[in-house]
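Peer 1: Attaching a single structure in C-alpha cells format; questions to follow.
The values are calculated or read from the model by the stated rules, or taken from the named source; none is laboratory data. Note that the structure is a prediction, hence the values are computed from the model and not measured. As a convention, Cβ positions derive from the backbone with ideal geometry for all residues, glycine included, and neighbour counts pool all protein chains shown. Surface areas here come from the heavy atoms of the whole protein model, side chains and all, with no ligands, DNA or RNA. Shrake-Rupley method; radii C 1.70, N 1.55, O 1.52, S 1.80 Å.
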Amino acid sequence: MTPTQKQALKAWIAAILWLILIAIESTDWLSAANTSRILYPVLHFLTGVDAMRFITWNYWIRKVGHFFGYFGLSLLLFRAWRATLPLVGNPRWSMQWARVAFFMTALVASLDEWHQSYLASRTGRVEDILLDSCGALAAQLLLFVWLMPREDKVTAHLADEH
C-alpha cells in the first residue's frame with residue numbers, strides 16, 4: 001500500500017468510526033430519557049440545577065451535540081474525500097470535496113432522523129436535520145477559511161492597502 005493509500009484509508013477509518021458513533025447515539029440507549037438519568041445527577045452536583053431547569057438544559061445540550069456531532073462528521077468526510085480524490089495542483093481546499101462532504105453529512109442526518117422516527121423513545125425531526133446540516137455547513141466554511149491558500153490571503157490584504 002502506498003503512503004497516499006494509507007493516508008486515504010486512515011481518513012476513511014476516522015469518518016467511519018464517527019458514523020458508528022452517530023449510529024450508536026441514534027439508538028434507544030442514548031435517548032433523552034436515558035441520558036438524563038446520567039446527566040441530571042452530574043449537573044445537579046456540579047451546578048445545583050433543579051429538575052425543572054434541567055429539562056431545558058438537557059434539550060440544549062442535545063441540540064449542541066447535534067450541531068457539533070455533524071460538524072465533526074463533515075470535517076472528517078472532507079478529509080476523507082480530499083485523500084481519495086486528488087486534484088490537479090494539489091489544492092488544500094476544493095468545492096468538490098466540500099460539496100460531497102456536506103451532502104453526505106446531510107444524507108446521514110436525514111437517515112438518522114428517519115431511523116429515529118421508528119423508535120418509540122426517539123423522534124425524527126426535520127428541525128434536527130436542518131440543525132445537523134448547519135453544523136456541516138459551518139464545518140465547510142471553517143475549512144474554507146482555514147485552508148484557503150495563504151498567498152491568496154496576502155494578495156487580498158495587499159490589494160486592500162493600495
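Peer 1: Run the dipole for the chain about the Cα centre, Lys and Arg Cβ at +1, Asp and Glu Cβ at -1, nothing else charged, and hand back the magnitude in debye, nearest 20.
Peer 2: 380
Peer 1: I would also like to ask the following. Between S117 and C134, what is the spin-label point distance in nm, taking each point 7 Å from the Cα along the Cα→C-beta axis?
Peer 2: Using points 7 Å along Cα→Cβ, the separation is 2.1 nm.
Peer 1: Now for a separate question. Using a 1.4 angstrom probe with every protein chain in place, what is the largest-first accessible-area order of R37, R53, R122, R62?
Peer 2: R37, R53, R62, R122
Peer 1: Here's another thing I want to ask about it. Taking the solvent-accessible surface of protein heavy atoms with a 1.4 Å probe, what is the per residue accessible area of the chain in Å²?
Peer 2: 65
Peer 1: Just to be sure I understand the rule: take each whole DSSP H helix in the chain, project its Cα atoms onto its long axis, keep it if the span is 30 Å or more and its mean Kyte-Doolittle hydropathy is at least -0.5. Which ones pass?
Peer 2: In the chain, the long hydrophobic H runs are 3-25, 51-84, 95-116, 126-147.
Peer 1: Can you compute the FRET efficiency between M95 and I20 using 1/(1 + (r/R0)^6), with r the Cβ-Cβ distance and R0 = 25 Å? Round to the nearest 0.05.
Peer 2: 0.35
Peer 1: What ranking of T56, T105, T35 comes out by heavy-atom accessible area, probe 1.4 Å, highest first?
Peer 2: T56, T35, T105
Peer 1: Counting each DSSP H run of 4 or more residues in the chain as -39500 (n - 2.57), what helix-only mean residue ellipticity at 222 nm follows after dividing by all residues, to the nearest 500 deg cm²/dmol?
Peer 2: Theoretical 222 nm ellipticity from helices: -27500 deg cm²/dmol.
Peer 1: Still on this structure, I have one more. Quick one: pull the percent of accessible area on the chain belonging to carbon and sulfur, 1.4 Å probe, ligands and nucleic acids left out.
Peer 2: Of the solvent-accessible surface of the chain, carbon and sulfur hold 72 percent.
Peer 1: Provide the net charge surrounding F102, with neighbours chosen by a C-beta distance below 14 Å and charges set as Lys +1, Arg +1, Asp -1, Glu -1.
Peer 2: +2
Peer 1: Next question. Given [x] 15.6; [y] 17.9; [z] 18.9 as candidate values of Kirkwood radius over Cα pairs in Å, which corresponds to the one derived from the coordinates?
Peer 2: [y]
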